[in-house]
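Where a number appears in this text, it was derived from the coordinates with a stated rule and is not lab data. In this text, all values refer to a predicted model and were calculated from it rather than measured experimentally. Positions of Cβ are generated from backbone atoms using ideal geometry, with glycine treated the same way; all protein chains shown enter the neighbour counts.
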Amino acid sequence: MEYEQIKKELSSMKSEMTSVERMSAYLKGEEVDHLPYNLMDVELPLAEILGYTTLQLNNDFEVFAEVVKQKELMFGLKGISVGLDLRSVGRALGTTLQFPERGIPCIKEHVLKDYKDFDKLIEFDPYKNEFLKSRLELAKRIKDRYPDLPISTSTNGPLSAAQSIRPVELILKDMRKNKENLHRLIELALDCCIKWVEAFTKEFGSVSFSFGDPVASGALISKKMYDEYAFPYQERLVNAVYEITGNKPVCHICGKSKELWEDLGRLNISGYSVDNVEDIGELKEVLGDKMLIIGNIAPVEVMNLGTVDDVIEAVKNCIIKAADSPKGYLLHTGCDVPIKTPLSNLEAYIYAVKKYGRNARIGRLPKGIKD
């Protein structure tokens, strides 16, 4: 399909609901104009499309505010998450980062290479720690700029937060040779995550919460290691979030996670976002009757490197496999949308969900995929 044809047809596909209204009605069991959808961390590629650098997005509030505005105008996605990413807990405690002009920040030096330095870590207090204060301030400023903007927050799972404090290769060794100190480290990471949820809830009320846990992936650790170092801390984080906010969080795990699905089904989470390396239809069979399932268009092979036809076909396949999930389905990318993703593919994604996800309701295939 030609991109010009997609743009022409998309211009006539006027949504009848905002993304917030759609999701709310959909989860109540009502029929909606089309299937709910999202794009993970689309702000970075959108900033590039609009002519901004990553540094500008992260350091210039006016640029950030413009990207948030255009995210709704261009992609129909209303809302923003201001939370802690994969490097944030460590950064707050003293880990140093490198910030490329274009691209994702990376860790320069972990703060905890030797457990002897445990007591030298900076205090994780969202109201005293300069980095954490800046995150709360950013959330306040964007909320002041757009008062009706839904705002949410996030952290990592405790094991993944720990790798921002101590190098992951040392953590993997610790799992066999230094278990006591590793548990101490993950306990600290859990405490940091909970403190963030408490502070954000105090400032903004009961908002939606999500957490990613890539180090818990089967690509990195065994099921036995997951059972000891990831699941118990995930469970405590989830229960704390529910106690603090009254809301069940959403979980995302990068890479292989099939071995973990039964365990995730025992967590008090509202939804699970699955990486594209897994099959969304298989996930539906295991977790579809327990929670919202979310995913899983390939962000690199399809969204970034594929053609518009590849994107449309991937969206159709996901809808066919998962849109009749008993507890609902949210079309989503399997992980972060890459920075260089072309606008044509992002618009093809939205075109496809509006066309093939038309007239959606929980538990049934949309009318658009049947026609």
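If I ask for residues that are of a type in the set (D, E, K, R) and touching a Ser or Thr at 6+ places or on another chain (Cβ under 8 Å), which ones from region 246-277 would you list?
Lys248, Lys256, Asp275 - these are the residues of region 246-277 that are of a type in the set (D, E, K, R) and touching a Ser or Thr at 6+ places or on another chain (Cβ under 8 Å).
Restricting to region 325-371, name every residue that is in contact with a strand residue (DSSP E or B) (Cβ under 7 Å, 6 or more places away or on another chain), outside any helix (DSSP H, G or I), of a type outside the set (Phe, Trp, Tyr) and buried (at least 22 other Cβ atoms within 10 Å of the Cβ).
Ser325, Gly328, Leu331, His332, Thr333, Gly334, Gly357, Ala360, Pro366
Does any residue of region 221-241 turn out to be part of a loop (DSSP other than H, G, I, E, B) and hydroxyl-bearing (Ser, Thr, Tyr)?
Yes - at least one qualifying residue is present in region 221-241.
What pairs can you find where one residue is in region 198-215 and without any contact (Cβ under 8 Å) to a residue 24 or more places away in the chain, the other is assigned to a helix (DSSP H, G or I), and their Cβ atoms are less than 9 Å apart, with a gap of 6+ or different chains?
Gly205/Thr245
Inspect region 113-133 for any residue being aromatic (Phe, Trp, Tyr), touching a Ser or Thr at 6+ places or on another chain (Cβ under 8 Å) and at negative phi and give the result as yes or no.
yes
Go through region 259-274 and give me each residue that's surrounded by 14 or more Cβ atoms within 10 Å (Cβ to Cβ), touching a residue at least 40 places away in the same chain (Cβ under 8 Å) and either on the phi > 0 side of the Ramachandran plot or in contact with a helix residue (DSSP H, G or I) (Cβ under 7 Å, 6 or more places away or on another chain) (or both). Can you show your working first?
So the first thing to find is which residues in region 259-274 are surrounded by 14 or more Cβ atoms within 10 Å (Cβ to Cβ), and the list is 260-261, 263-265, 267, 269-274.
Cutting the leftovers down to touching a residue at least 40 places away in the same chain (Cβ under 8 Å) gives us 260, 271, 273-274.
The answer is Leu260, Val274.
Of everything in region 291-311, what is under 22 Å from the mean Cα position of the chain (by Cα), surrounded by fewer than 24 Cβ atoms within 10 Å (Cβ to Cβ), hydrophobic (A, V, I, L, M, F, W, C) and assigned to a helix (DSSP H, G or I)? Give them in sequence order.
Residues satisfying the conditions are Val300, Val302.
Go through region 17-38 and give me each residue that's closer than 18 Å to Ile293 by Cα and aliphatic (A, V, I, L, M).
Correct list: Val20, Met23, Ala25, Leu27, Val32, Leu35.
Can you list the strands (runs of 3 or more DSSP E) lying wholly within region 95-207 that have 2 or more residues being in contact with a Lys or Arg (Cβ under 7 Å, 6 or more places away or on another chain) and either crowded, with 16+ Cβ neighbours inside 10 Å or of a type in the set (S, T, N, Q) (or both)?
In region 95-207, the matching strands (runs of 3 or more DSSP E) lie at 96-98.
Return the only residue of Glu30, Glu48, Glu4 being over 18 Å from Val315 (Cα atoms) and surrounded by 15 or more Cβ atoms within 10 Å (Cβ to Cβ).
None of the other options fit; the residue is Glu48.
Answer yes or no: is there a residue in region 60-79 that is surrounded by 14 or more Cβ atoms within 10 Å (Cβ to Cβ) and closer than 21 Å to Pro214 by Cβ.
Checked against the condition, which is being surrounded by 14 or more Cβ atoms within 10 Å (Cβ to Cβ) and closer than 21 Å to Pro214 by Cβ, region 60-79 yields no hits at all.
Answer yes or no as to whether Val286 is in contact (Cβ under 8 Å) with a residue 60 or more places away in the chain, hydrophobic (A, V, I, L, M, F, W, C) and out of contact with any His (no Cβ under 7 Å at 6 or more places or on another chain).
Details: in contact (Cβ under 8 Å) with a residue 60 or more places away in the chain: no; hydrophobic (A, V, I, L, M, F, W, C): yes; out of contact with any His (no Cβ under 7 Å at 6 or more places or on another chain): yes.
Answer is no for this residue.
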